[in-house]
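The values are calculated or read from the model by the stated rules, or taken from the named source; none is laboratory data. Predicted, not measured: the structure shown is a model, and the values here were computed from it. Cβ atoms come from the backbone with ideal geometry, glycine included; neighbour counts cover every protein chain shown. These area figures cover heavy atoms from the full protein model, side chains too; ligands, DNA and RNA do not enter into them. Shrake-Rupley method; radii C 1.70, N 1.55, O 1.52, S 1.80 Å.
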Amino acid sequence: MPRTAVRRLIDTLPATLLPIAAGAALAWAVAWAVGLSGLDAARGLLAATAFTLLLVAPALLLGAGLGALAGAWAGLPPHSGGGWTGRALIAAGPLLPGFLLAALAALAVRSGAAAAPLAWAALALPAACHAARLARPAMSAALTSDALRMAEGLGLDDRTVLRHLALPAALAPVTGGFANAALSALAGATAVESLLDLPGLGALLIDAARVGSLSGSLPALMALCGLAGLLRALGSALGGWLQRVTGAGR
Amino acid sequence: MTPPTHAATAPSPHTAAAPVSTQALTLLAGDRVLIDRADLRLDAGQVLSLTGGAGTGKTLLLRALAGLPLPGVTLAGQARTDGRRLLIAQGGRLAPQRPLALQAADVIGHHLGLDASAALRRMADALDRMGVPPAARRFDLPPERLPDSLRWAALFALGIAVGPAVLLADAPAAGLDPTVRLRLLHRLAEWARSSATALILAGRPEDGLDGPADARLCLHEGRVLPTPPIPDPLPAPDHAHHPAGAAVMTAHGLTMSFPMGTGPTGEARRLTAVHSLDLELVDGETLVLLGESGSGKAMLARALLHLPAPSTGRVVWMGRDLTKADDATLRRVRRDVQPLFPDPAGSLDPAMTVGAQLTAVLESLRPDIPADRRPQRVVETLRAVGLPTDTATRWPASLRPLEAARVGLARALMPDPRALVCDEPLATLSAEDRAEFWDDLLTARDRRHLSLILTTERAEEGLRHADRALVLLMGRVVERGSADDLLHHARHPYTQAMLSAARGDRPALEGDPPSALRQPDGCTLRQRCPKARSFCAQAVPTLEPVGPGHAVACHYWDTP
Amino acid sequence: MSAPPPLPTTTHHGKGAAGLALLVALALACTVAPLLNDGAGPLRADRDPVLTALTDGRGSLSFALLSGLLGAGLGVAWSGLAIALGDRAERRLMGAAARLVALPLALLVPLGVGLTGGGLPVLTALVALSAAPLVAGLAHQDLRALLRRDFLTAARAAGRSKGALLLHHLLPNAVRPLLAAGAIALPRALAVESLASLLGLGLPSSVGSWGGAVGVAARLGDGLALVPAALLLALSLWAFHAVADEALRLAAEGPHGGPSNGLPGGSAPDARP
């Protein structure tokens, strides 16, 4: 593994694994103080963290990836099917917060639909809208930029220009805005878990809050903060990788 | 319809197939004629400069020659280029994130079919021709992290590496210091001549593209015409009015420095932009401060006005020490000494009309003028700088650059000052506007008997209008003397290089100015200087007199 | 033939105007709705679901306005205080804002309500606090950019006093960017309150809110009650976002057609969380 990647991982620890570990330790201490099994409590918190991560990360990555491509496509003339998808996502973005989609998903599950795909869709769609909204203006700007005129003047073909100039330019703001999308997705995940009675961190937090238990909610909150940091780090690592692949790669 | 144009042909010694030729090339945007029946012919190894103001169609003409699409423009007539052609587009931007080496490999590989390592070897040879030292070649970095001068040098090298039959450069090296720009352009032109490439350098008249060129054309009202020989557009310096009055402003030990955080060992670091500098302004004289960008001339100008106050040292105006001045005294001094800013439009409050801003100056600096007489004063001053009186009711956003510059001048003249400190007051103006604004400024100076301090990077232009000059290099004065002495007998290699660049010649300096954060020991010019020897690294040269009123800070000014 | 001077960029304000009109229409409809319900008190799902949703909208909209404005004010005051204190305090205050923005603040609202037992003042404060760091960051950026501009130096060279600088030059130019930064708080407040109410830890049921109605309907599987409330909530969010985007665009345009910050006006930067 390259040294920079290791260093980057170490840099992110205070904001990622440390809060999660602290949350687990607190859960253990609280359970131990009231005479319950501390180990079970800590294990429960970690399991909930893993569940929420599995719920959020794939939806977020898939949503942001597809949204970014659709948004970039929408910035490309002439109008095409993919472009219209991007436009639709951009227009629908503010209409579709994750928690509202979670409620719709809950409604569908009550009438017999499968929970997992709906939960993922409820989290992926807002991420896609957000990514499309960021990618489209960046793509349009790249297509009218001085750099594009330079590439034309230097005789590069459209494919090279699109791959090495326009696409990286369109994806850059999406990876930059990944942290915001991750926060929205965590809020949406809390609604999904709470409404569908799924065993995630959000449900843990809200259940503890409902009964007014600080000692129950605090570990969950710390783990959620760590999870937010983890997703942010994931986003920046992904951004770096994408930049290497699209910008610098052959 | 316009009468037939004559063939604006670059001189062609032989009639073999020229790499570039056009016949009655006409470009139309809707019903507007951008280029009217241009006949161009350029031979192999010929360098042509094509100048014109903003919006005269230079970019479109180059795109037409490069065979690129012209959205919204109709092309009539013929444009023919033979062989491989390359256009270095305006702005000099490449894909911002992708390392330069890979982009070079893309372009060279695309044209010559070479693999990456062969392409990069070619690029390295080309960089040698552009004079980029191997140590400076950080081409694993993306272009946006390279200094502008290196980015342009790399772009030219890319052109050289591909080796086209026709190389078109749109506003090449625009925005660089004249010394750096002219060095790069001369190197590119030399290469074009030696490798039989037809090179067109297109840009604004003030960019100095005529210097490296063999043939000179200009775009005027849609026509391509031979550039008229420069009839010395600037009036000769008026040395009859050479003042010998008393000093009105003096500065002693003026230093400007800024905190730059803490270093690796925890010590506080400071960036020093002006090093303990002395200056004297005589009543009625025009003192010009010359220097490249980063020389500290703008900082010095601001420090003289206490905007902000210098870090150490003092400024004295007519016996009043500004360092010790209270608010009332400072206001009294501000009434006498007014600034002009490098971006006149940006120095106007966008939320106030022009008239309101001028009135506000009177209100605070001239309380002796009764309120009912203020509007009259505003109107008079606007007229004096050549603006219609209804300018007072306009918002700054609606002003054109020349108008904004004039409003800036009017504002400075409002309190009836005795001196103006002008920081690159013409930086945002086009060539024609510059001439007009020089007129305004000099008229105001002569009518009102103003003392002027003027900073500029255009050495020749500045010296022609000045009585005396200070040449600044990285915050230190390296040459001081009368404008006449400097114009004709400049001693410092740096001054000589700036004057060469201003005249379109190749400056003798190599390489780029060092970063202000990593200044070399000893003389800061030594890494670029043709006269540098080992001793230059050991001591910062001090000013030594070389003639009456003429002093130079160079260890080897007297060696050839 | 010299080129004509560049024309000032004309931007379309259609989306912002539509958002504002929609908000006004929604506010009117929500105000009138109880009258159509025979003047009876807050009505529940056994009556017309659309009217019920409109009645719930009174709580959501007025609360979003109240807490959004409070959050905007807090954020602007935060950035103003940071700049007034300057240097190290400024770095610390804005660093704190940046760190807070990176946390899932929206979840603090239901948590705080659950732990404290709720109540309108607590909820308002929590929602405002969840929006304030974002507003503070944006407002700080704008104010710093404004303070760097040369016209303030020119005003100082003209001998203007500190009071005159602040009152006549800084404030008139700061209004647009600060309003734009503050406008971000409105959609955020509505979204955060709706999330909290949906989880049952937001506005008390006596006040009524779209989020609460959606949450109850989703748990009961009552599609008829869910759809109108969800639709009205989505429309209001869209309208608030459209207004906030428009404010950003206006701020980028600068006063009297001039670009602000010396940059070409036109496109609004995306600052939506």
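Taking all Cα-Cα distances within the stretch B:485-560, those exceeding 14 Å account for 63%. Highest mobility in the GNM of chain C, judged by mean-square fluctuation with C-alpha springs under 10 Å and restricted to C:243, C:122, C:76, is found for C:122. Considering all alpha-carbon pairs of the stretch B:282-373, what whole percent are spaced by more than 20 angstrom? Percentage above 20 Å: 50. Each Lys and Arg contributes +1 and each Asp and Glu -1, all at the Cβ; summed about the Cα centre of the stretch C:70-255, the dipole is approximately 720 debye. Working note: Cα gyration tensor of chain A, eigenvalues times five, square-rooted, sorted largest first, giving semi-axes of 39, 23, 11 Å. Using a probe of 1.4 Å on the protein chains alone, the accessible area found for residue C:205 is around 100 Å². Annotation: per residue accessible area for chain C equals 44 Å², rounded to a whole number [probe 1.4 Å, protein chains only]. When the accessible areas of A alone and B alone are added and the area of the pair subtracted, with a 1.4 Å probe, the result is around 1800 Å², both sides summed. Equivalent ellipsoid of the stretch A:29-95: semi-axes from √(5λ) of the C-alpha gyration tensor, largest first, are 46, 10, 6 Å. Cα centroid separation, the stretch C:105-145 to the stretch B:341-383: 44 Å. The residues of the stretch C:63-109 listed by number as losing at least 50 Å² of accessible area in the complex, against the isolated chain and with a 1.4 Å probe, are C:102, C:104, C:107. Please compute the average number of Cβ atoms from other chains found within 10 Å of each residue's Cβ in peptide C:209-218. Across C:209-218, the average partner-chain Cβ count within 10 Å equals 4.
Computed from Cα atoms, the angle from the helix B:148-162 axis to the main principal axis of chain B rounds to 10 degrees. Once the 1.4 Å probe is applied to the protein heavy atoms, the stretch B:20-226 comes out at 35 Å² accessible per residue.
Its Cα centre serving as origin, the stretch B:20-226 has a Cβ charge dipole (Lys and Arg +1, Asp and Glu -1) of approximately 220 debye. Here the protein assembly as shown has 61 percent of its accessible surface on carbon and sulfur atoms, given a 1.4 Å probe and all protein chains in place. Association of chains C and B removes close to 2200 square angstrom of accessible area from solvent, both sides included, for a probe radius of 1.4 Å. Taking a straight line from the alpha carbon of residue B:531, these aspartates and glutamates sit under 13 Å away, with near neighbours fewer than eight places off in the same chain left out: B:510, B:558.
Excluding ligands, DNA and RNA, the accessible surface per residue across the stretch B:451-560 is 41 Å² with a 1.4 Å probe. Rg over Rh for the protein assembly as shown works out to 1.01, using Cα positions for both radii and the Kirkwood form for Rh. With the solvent-accessible surface defined on protein heavy atoms using a 1.4 Å probe, which residues belonging to the stretch C:154-169 display a reduction of at least 50 Å² in accessible area in the multichain context relative to the isolated chain? In the stretch C:154-169, residues shielded by partner chains: C:154, C:156, C:157, C:158, C:159, C:160.
Each of residue B:383 and residue B:29 was given a label point 7 Å from its Cα along the Cα-to-Cβ line. The distance between the two points is 3.8 nm. Between C:23, C:165, C:186, the Gaussian network model of chain C with springs among Cα atoms under 10 angstrom shows the greatest mean-square fluctuation at C:165.
Residues of the stretch A:194-216 that lose at least 40 Å² of accessible area (1.4 Å probe, protein heavy atoms only) when the other protein chains are present, relative to their chain alone, are A:195, A:206, A:209, A:210. Building the convex hull from the alpha-carbon atoms of chain B and averaging its projection over directions returns 30.1 nm². Springs join every pair of Cα atoms under 10 Å in this Gaussian network model of chain A, and among A:27, A:237, A:189 the largest mean-square fluctuation is at A:237. I'd like the distance between the alpha-carbon centres of the stretch A:76-103 and the stretch A:38-66, rounded to an integer number of Å. With the stretch A:76-103 and the stretch A:38-66 each reduced to a Cα centre, they are spaced 26 Å.
Take the accessible area of chain C alone and of chain A alone, subtract that of the pair, and you get about 3100 Å² summed over both chains, using a 1.4 Å probe.
For residue A:219, neighbours were defined as the other residues whose beta-carbon sits under 14 Å from its Cβ, and their charges (Lys and Arg +1, Asp and Glu -1) total -1. What whole number of Å gives the distance from the Cα centroid of the stretch A:198-243 to the Cα centroid of the stretch B:111-151? Cα centroid to Cα centroid, the span is 47 Å.
What the phi angles of the stretch B:541-554 give under the Karplus curve with 6.51, -1.76 and 1.60, with θ = phi - 60°, is a coupling list of x, 9, 5, 10, x, 10, x, x, x, 10, 9, 9, 10, 8 Hz, glycine and proline written as x.
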